[in-house]
C-alpha cells in the first residue's frame with residue numbers, strides 16, 4: 001500500500017483495475033480495454049464453476065501474453081477442496097508454480113498450507129470467501145503469509161478506510177458486479193437445500209428466487225405485523241457499482257478494484273472494463289470534463305446487460321437501494337414474456353411476443369416465475385410464422401426451442417420471462433477445437449510427477465486415507481462382512497445454548513461442554529455473578545460470532561480479557577483470525593491463564609490437509625464442515641489420523657479433536673442487510689414450499705430453515721469414522737421446543753419429525 005510520512009496514506013495512488021475472464025476471448029477483451037490485471041479460474045478449483053473452464057495450457061498462454069504487455073494474471077483457486085481432490089490440488093499447484101502467475105486467490109486453509117510449504121514461490125491472496133470484514137482478520141491473514149486480502153462486499157467506505165489504516169496488507173475490493181445476499185463464505189443455503197455448494201462454485205442462487213410471506217409467527221411479540229402471502233424477490237441484491245465513487249474509494253488506500261463476472265459474457269467484460277478505465281483515467285480532470293466521461297461510462301454499463309445497479313454498502317451500512325423486491329434480479333435485457341410453452345416428442349418450445357431484437361447465436365436465460373429456476377441456453381434456431389429466420393424484431397411473435405427440462409418443476413401452465421444476456425454468444429465462446437489448439441501451441445503443461453509424489457509422501461497422504469497399510473476407521477463393511485475400525489465409544493456431547501441462564505437445566509444428554517455466545521446479554525449475566533459458575537464454569541465454552549464489525553473489535557477484546565481474568569479458559573472461534581484476540585500484542589493485558597481454542601463449522605474444512613493446518617495453529621478442537629457427505633468425512637478423518645500418527649497415543653490430550661454439528665438450525669444466510677421489507681420472525685416460503693424464518697442476532701440478519709438439520713441417526717457411524725465430539729445446537733429456536741424435538745430424535749422410535757440431512761447421505765457437489 002502506498003503511504004507517505006508516518007504511515008499516512010498517499011491520497012494520489014494508482015489503483016489496479018482487475019477484470020474477470022471466463023474465457024480466452026474475455027481475457028483478450030479485458031486487456032484490450034485497459035485492464036491492469038485479469039483473474040481467471042483454476043480448472044476444477046474455482047469458486048465460479050463453468051461449463052467450459054479455461055485449461056492450464058490456456059492459462060500458460062494468458063500469463064505470457066499478460067506479462068508481455070506489462071499486465072498481471074491472477075488465478076482464482078478459491079474452491080473448498082474435498083479429500084479426493086487433494087492429489088489434483090498438488091498437481092495443479094505443481095503446474096502453476098512453473099507457469100508463474102502473479103498470485104493465487106485462495107480460500108481453503110489446506111491449499112494455503114500446501115502452497116506455502118511446498119510451492120513458496122507462489123504469491124497468495126485471500127479470497128472474499130474468507131469473509132474478511134475487519135482489520136483483525138486482515139492483519140492475521142497477512143501474518144499467515146497472504147500478500148493481499150479481498151475484503152467482504154458488505155463494508156462501507158469509512159470501514160474500508162479504517163481497515164486500510166490498521167491492516168498493514170494490500171487490500172482489494174469488489175467495485176462492480178453481482179452481490180450475494182449472504183456474506184461470502186457464510187452461505188449454506190445452496191448446499192444444504194440444493195445439494196450444490198456455493199463454496200465450491202456450484203451455487204444454485206436461492207437468493208434470486210421469489211419468496212412469499214406466510215401466516216403464523218415466530219417468537220411471541222417479536223415479529224413485524226403485515227399481510228401474509230405477499231411475494232417478492234426479498235433477497236435478490238442489485239448489482240454493485242462504484243463507478244461514481246472512485247475518488248472516494250481512492251482515499252481509502254485500496255490497491256485493486258475488482259470487477260465481478262467470470263461467468264459473464266465477453267461484451268459485459270468489454271464494456272464494463274472500458275467504462276472503469278475511462279473514469280479512472282479522468283479522476284484528476286476538471287469537474288465538467290470528468291462528468292462528461294462519467295456519463296459516457298454509465299451508458300456503457302447500461303449496455304453491458306447487468307442488473308439494476310446501486311452503490312451497495314459503500315455509503316451506508318443499511319442501504320435503501322440494495323434490493324428491489326418487485327424485480328426478479330435477472331441479468332440482461334428482457335426480451336419478452338412467454339405466451340405459451342409446448343412440448344412435443346421430448347422437445348420444448350416457447351411462443352414469445354418480442355419486446356426487443358433477437359438473433360440466432362444470442363445467449364438467453366429463461367426465468368420460470370413459478371419455481372424461481374433460471375436456465376441459460378444459446379439460441380440455435382428461430383421461427384416466425386412457421387419459417388426459420390436468422391433475426392426477429394420487436395413486436396413479432398416467435399417460436400423458440402428451449403432445453404427439454406425447462407419449466408418442468410412447476411404446476412399448471414408455464415409462466416416465465418425471457419432475457420437476452422449476450423449478443424452472438426455462439427460465435428464467441430471458445431471457438432473450435434482447432435482454434436483453441438492454435439492458441440496454446442507450445443503451451444502443453446503437465447505436473448511434475450516426481451514432485452507431486454514427493455509432496456504427498458512428505459504429507460503422508462494417500463487417496464482414501466490409507467497410509468502405510470493402516471486400516472481406515474470408518475464404519476463401512478469390510479470384505480469379510482464385519483465392521484471395520486473403531487469401537488463406538490461413549491458420546492461426548494457439546495450443547496450450544498442461546499442464553500447462559502439456560503445452562504443449569506436438564507437436557508436429554510449429559511453435556512461435556514456448554515457453548516454460549518459471547519454477546520451483551522450473556523456478558524451482563526456473567527458480570528452479575530460469575531462466582532456461581534465456579535462449579536460448572538469449566539464446562540463453559542464462549543463462542544465468538546462469525547461477523548465482528550470494525551467498530552466492535554475493542555468491545556470483544558475487553559470481554560475476552562474479563563473472561564480470562566475470571567478464570568474462563570475455553571473459547572470457540574468462528575473465523576481463523578479470531579485467534580489473534582488471544583495472542584500477545586493483541587492490545588489486552590495478560591488475560592489470565594492458558595486458553596483452549598476451538599473452531600466451529602464456519603472454518604469450512606473439508607479435507608485432512610486443512611485439518612492439519614488448524615492443528616499446527618494450535619487449536620484444541622475443530623468442527624468439520626456441515627457440507628460434507630459421508631464418504632468425504634470418512635476418508636478425510638482417516639487421512640488426518642494417519643498423518644498425525646501415534647501422537648495422541650504417546651501424548652494423550654495433545655492432539656486436536658474433531659467435532660461435527662449433528663443437530664441445529666444453522667443459518668442458511670448470514671447477511672448484513674436489514675431491509676424495510678423484512679418481516680422478522682414471520683415465516684417466508686420458497687416457490688418449492690420450503691419455509692424459513694428471518695432473525696436478527698448480534699448485528700446480522702439470519703435466515704433459518706423451519707426444518708432442523710440432524711445427523712443424529714448416524715451418530716454411531718460418525719463415532720466409528722473418528723468424530724470426537726458431537727455438537728447439539730439448541731440456540732436456533734425456542735429452547736423447550738428444541739429439547740422436546742431433540743428427545744424424540746435421540747430415541748429414534750415412533751413417528752420421527754422431518755429433518756434435513758444436507759449432503760451427508762448423498763454426494764457433495
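The values are calculated or read from the model by the stated rules, or taken from the named source; none is laboratory data. Note that the coordinates shown come from a computational prediction; the quantities given were computed from them, not determined experimentally. Because the Cβ atoms are built from the backbone with ideal geometry, glycine has one as well, and the counts that use them run over all protein chains shown.
Identify all residues within the stretch 21-42 that are part of a loop (DSSP other than H, G, I, E, B) and farther than 24 Å from residue 445 by Cα; write none if there are none.
Within the stretch 21-42, the first condition is being part of a loop (DSSP other than H, G, I, E, B), and the residues that meet it are 21-23, 33-36, 42.
33, 34, 35, 36, listed by residue number.
So how many residues does the stretch 683-701 have that are outside any strand (DSSP E or B) and either touching a helix residue (DSSP H, G or I) at 6+ places or on another chain (Cβ under 6 Å) or modelled with pLDDT of 95 or more (or both)? Spell out the reasoning first.
Filtering the stretch 683-701 for residues outside any strand (DSSP E or B) gives 686-690, 698-699.
Filter once more, keeping what is either touching a helix residue (DSSP H, G or I) at 6+ places or on another chain (Cβ under 6 Å) or modelled with pLDDT of 95 or more (or both): none.
Of the residues in the stretch 683-701, 0 are outside any strand (DSSP E or B) and either touching a helix residue (DSSP H, G or I) at 6+ places or on another chain (Cβ under 6 Å) or modelled with pLDDT of 95 or more (or both).
Counting just the residues of the stretch 99-114 that are touching a strand residue (DSSP E or B) at 6+ places or on another chain (Cβ under 6 Å) and surrounded by 24 or more Cβ atoms within 10 Å (Cβ to Cβ), which one comes out nearest to residue 171 (Cα to Cα)?
Here the answer is 105.
I'd like to verify a number: residues in the stretch 114-134 that are part of a helix (DSSP H, G or I) and within 20 Å of the chain's Cα centre (by Cα), how many?
Filtering the stretch 114-134 down to residues part of a helix (DSSP H, G or I) leaves 114-118, 128-130.
This time we only want the ones that are within 20 Å of the chain's Cα centre (by Cα), so: 128-130.
Result for the stretch 114-134: 3.
Just need a number here: residues in the stretch 711-738 that are part of a loop (DSSP other than H, G, I, E, B) and under 23 Å from residue 607 (Cβ atoms).
Here is the first cut: in the stretch 711-738, the ones part of a loop (DSSP other than H, G, I, E, B) are 711, 722-724, 730-734.
With under 23 Å from residue 607 (Cβ atoms) added as a condition, the list becomes 711, 722-724.
Residues in the stretch 711-738 being part of a loop (DSSP other than H, G, I, E, B) and under 23 Å from residue 607 (Cβ atoms): 4 in total.
Looking only at the stretch 683-696, count every residue that is crowded, with 17+ Cβ neighbours inside 10 Å and farther than 17 Å from residue 233 by Cβ and tell me the total.
Residues in the stretch 683-696 being crowded, with 17+ Cβ neighbours inside 10 Å and farther than 17 Å from residue 233 by Cβ: 3 in total.
When you scan the stretch 214-259, how many residues do you find that are within 27 Å of residue 375 (Cβ to Cβ), assigned to a strand (DSSP E or B) and modelled with pLDDT of 90 or more?
Residues meeting the conditions: 6.
Taking interchain pairs and intrachain pairs at least six residues apart, which have beta carbon atoms under 6 angstrom, with the first residue in the stretch 629-655 and more than 26 Å from residue 758 (Cβ to Cβ) and the second modelled with pLDDT under 85 and part of a helix (DSSP H, G or I)?
Within 6 Å, the pairs are 655/647; 655/648.
When the stretch 144-179 is examined, which residues are found to be at pLDDT below 95, closer than 30 Å to residue 114 by Cα and crowded, with 20+ Cβ neighbours inside 10 Å?
167
Could you list, in sequence order, the residues of the stretch 87-123 that are free of Cβ contacts under 8 Å to residues at least 24 places away in the same chain and either touching a helix residue (DSSP H, G or I) at 6+ places or on another chain (Cβ under 7 Å) or closer than 21 Å to residue 185 by Cα (or both)?
Taking the stretch 87-123 and keeping what is free of Cβ contacts under 8 Å to residues at least 24 places away in the same chain, we get 115, 117, 120.
Residue satisfying the conditions is 115 alone.
If I filter the stretch 698-718 down to residues being surrounded by fewer than 23 Cβ atoms within 10 Å (Cβ to Cβ) and in contact (Cβ under 8 Å) with a residue 60 or more places away in the chain, which single residue comes out as nearest to residue 664 (Cα to Cα)?
Among residues in the stretch 698-718 that are surrounded by fewer than 23 Cβ atoms within 10 Å (Cβ to Cβ) and in contact (Cβ under 8 Å) with a residue 60 or more places away in the chain, the one nearest to residue 664 (Cα to Cα) is 705.
Filter the stretch 159-182 down to residues that are touching a helix residue (DSSP H, G or I) at 6+ places or on another chain (Cβ under 9 Å) and not in a strand (DSSP E or B), then give me how many there are.
Number of matching residues: 14.
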